[in-house]
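What follows is a short report on a single structure.
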Amino acid sequence: MAKIHYKIVQHDGGWAYKLGDVFSESFPSHDAAVAAAKRVAQEQHVPGNAAYIEYQDEKGAWHTEYSAGDDRPDADVTG
């Protein structure tokens, strides 16, 4: 199972959660950003339907793979 970590950081005059190099929208307080990140992390645990997915990697190459829908990552919030 993959593990992902949402990190709470100062961003754009407020607070945001961040995954890798991607920021969420800004929130007016640290507590609001934590609440939003916890909500998003919980949603990562919800299984979906099996499907083929396409995504672009950091080098710009496109990939297609089968997602069983029940192979959800373990997500948490830090910061």
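The values are calculated or read from the model by the stated rules, or taken from the named source; none is laboratory data. It should be emphasised that the depicted structure is a prediction, and the values quoted were computed from it without experimental measurement. Note that we place each Cβ from the backbone using ideal geometry, even for glycine, and neighbour counts take in every protein chain shown.
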Would you say Ala2 is loosely packed, with under 12 Cβ neighbours inside 10 Å, within 15 Å of the chain's Cα centre (by Cα) and at pLDDT below 95? yes
Scan of the stretch 14-55 for residues that are exposed (fewer than 14 other Cβ atoms within 10 Å of the Cβ), closer than 21 Å to Ala2 by Cβ and of a type in the set (Ser, Thr, Tyr), ordered by number: Tyr52, Tyr55
Pick out, from the chain, the strands (runs of 3 or more DSSP E) lying fully within it that include 2 or more residues that are aliphatic (A, V, I, L, M) and in contact (Cβ under 8 Å) with a residue 12 or more places away in the chain. 3-11, 14-19, 51-56, 74-78
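From the list Asp12, Asp71, Asp76, Asp21, pick out the single residue that is modelled with pLDDT under 95 and in contact with a helix residue (DSSP H, G or I) (Cβ under 7 Å, 6 or more places away or on another chain). Outline the logic, then answer.
Details: Asp12 fails: in contact with a helix residue (DSSP H, G or I) (Cβ under 7 Å, 6 or more places away or on another chain); Asp71 fails: in contact with a helix residue (DSSP H, G or I) (Cβ under 7 Å, 6 or more places away or on another chain); Asp21 fails: in contact with a helix residue (DSSP H, G or I) (Cβ under 7 Å, 6 or more places away or on another chain).
None of the other options fit; the residue is Asp76.
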